[in-house]
1. Any idea which of (1) more than 16 Å from the ligand (Cβ to nearest atom); (2) surrounded by 16 or more Cβ atoms within 10 Å (Cβ to Cβ); (3) more than 22 Å from the chain's Cα centre (by Cα) is the one residue 39 doesn't satisfy?
2. State which residue is nearest to the ligand (Cβ to nearest atom) when the search covers only segment 137-177 and only residues that are under 30 Å from residue 67 (Cα atoms), in a helix (DSSP H, G or I) and open to solvent by less than 80 Å² (accessible area, probe 1.4 Å).
3. Within segment 96-109, identify whether any single residue is open to solvent by 60 Å² or more (accessible area, probe 1.4 Å) and within 18 Å of the chain's Cα centre (by Cα), and answer yes or no.
4. In segment 35-57, is there at least one residue being without any contact (Cβ under 8 Å) to a residue 24 or more places away in the chain and of a type in the set (Lys, Arg)?
5. Do we have residue 66 as in the same structural domain as residue 12 (by TED's automatic domain parsing), modelled with pLDDT of 95 or more, of a type outside the set (A, V, I, L, M) and on the phi > 0 side of the Ramachandran plot here?
6. Which pairs do you get when a residue that is over 19 Å from residue 66 (Cβ atoms), found in segment 19-31, comes within reach of a residue that is open to solvent by less than 80 Å² (accessible area, probe 1.4 Å) and assigned to a loop (DSSP other than H, G, I, E, B), reach meaning Cβ atoms under 7 angstrom, with the pair 6+ apart or on two chains?
7. May I ask you to verify whether residue 72 is within 15 Å of the ligand (Cβ to nearest atom), in contact with a Ser or Thr (Cβ under 9 Å, 6 or more places away or on another chain), within 14 Å of residue 5 (Cβ to Cβ) and not small (Gly, Ala, Ser)?
Amino acid sequence: MLNIALTKGRLEEKTIELLKKAGVNCDPLLNKGRKLIITLNDKYNIVFAKANDVITYVEYGVVDVGVVGKDTLLEMNRPIYEILDLGFGKCTFAVASPLNVDLFALNKTATIATKYPNVTREYFESLNMDVDIVKIEGSVELAPILHLSDAIVDIVETGKTLKENGLSVIRTIANISARLVVNPASLKLKKTEIEAFSNLLTSKNN
Ligand code: PRP
């Protein structure tokens, strides 16, 4: 059995699509009710979890592999292996601000709101720029509108949320997509199964 954690929400539908294309019967996922672990094709135990938890489960080896966004991987920076770029869930990490704010010419320390404080800290450190970081859990675009922050660091997919809230990208930090991640011990103990699963996803993803 291969134990797999999949990220709920944005990546969920595309991950299931990919599994179906790879010949995995995903019907048990349709009527799962409140059940948290679903077995597919008699060989994959699937759990759905929040992105941070997918990484935690893989790190502790309670699941062997996971599908999670590069954004959360960069933020959590945990000792797990990233073995495949799945090519979907594409977006960018960006700094965005209201049109009237010149973040790099403020006469005070800039305040940045974000769900990703570690990525934000590292980015501004790389610019040698001192900033105050405020952690926000969702709809980060609200922070500059409410004058809590001068700018935000967030993921941008279509750019629609920024546009509709009067913000625009001023710097791009990194490209993001869904990744297949593996627990290092599992990679040794279940090498054949993990490679087969990875190959299955690769062949159907091209
Ligand atoms: C993400 C992100 C932006 C939005 C970007 O939020 O934080 O708010 O999507 O997408 P767009 O460029 O296509 O408009 P999400 O929808 O995951 O919800 P959250 O803000 O509550 O975390």
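1. So the condition that residue 39 fails would be (2).
2. So, considering only residues that are under 30 Å from residue 67 (Cα atoms), in a helix (DSSP H, G or I) and open to solvent by less than 80 Å² (accessible area, probe 1.4 Å), the one nearest to the ligand (Cβ to nearest atom) is 161.
3. No, that holds for no residue.
4. Looking through segment 35-57, at least one residue is without any contact (Cβ under 8 Å) to a residue 24 or more places away in the chain and of a type in the set (Lys, Arg).
5. Values: in the same structural domain as residue 12 (by TED's automatic domain parsing): yes; modelled with pLDDT of 95 or more: yes; of a type outside the set (A, V, I, L, M): yes; on the phi > 0 side of the Ramachandran plot: no.
No: the conditions fail for residue 66.
6. Every condition considered, the pairs that remain are 25/41.
7. It is true that residue 72 is within 15 Å of the ligand (Cβ to nearest atom), in contact with a Ser or Thr (Cβ under 9 Å, 6 or more places away or on another chain), within 14 Å of residue 5 (Cβ to Cβ) and not small (Gly, Ala, Ser).
Results for (1) modelled with pLDDT of 95 or more; (2) more than 16 Å from the ligand (Cβ to nearest atom); (3) of a type in the set (Asp, Glu); (4) under 27 Å from residue 157 (Cα atoms), shown as yes or no for each residue.
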site: 4; (1), (2), (3), (4): yes, yes, no, yes
site: 21; (1), (2), (3), (4): no, yes, no, yes
site: 28; (1), (2), (3), (4): no, yes, no, no
site: 56; (1), (2), (3), (4): yes, yes, no, yes
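The values are calculated or read from the model by the stated rules, or taken from the named source; none is laboratory data. What you see is a predicted model, and the numbers here were worked out from it, not measured in a lab. Cβ coordinates were reconstructed from backbone atoms using ideal geometry, including for glycine residues, and neighbour counts include every protein chain displayed. Heavy atoms of the whole protein, side chains included, go into the accessibility calculation; ligands, DNA and RNA do not. Shrake-Rupley method; radii C 1.70, N 1.55, O 1.52, S 1.80 Å.
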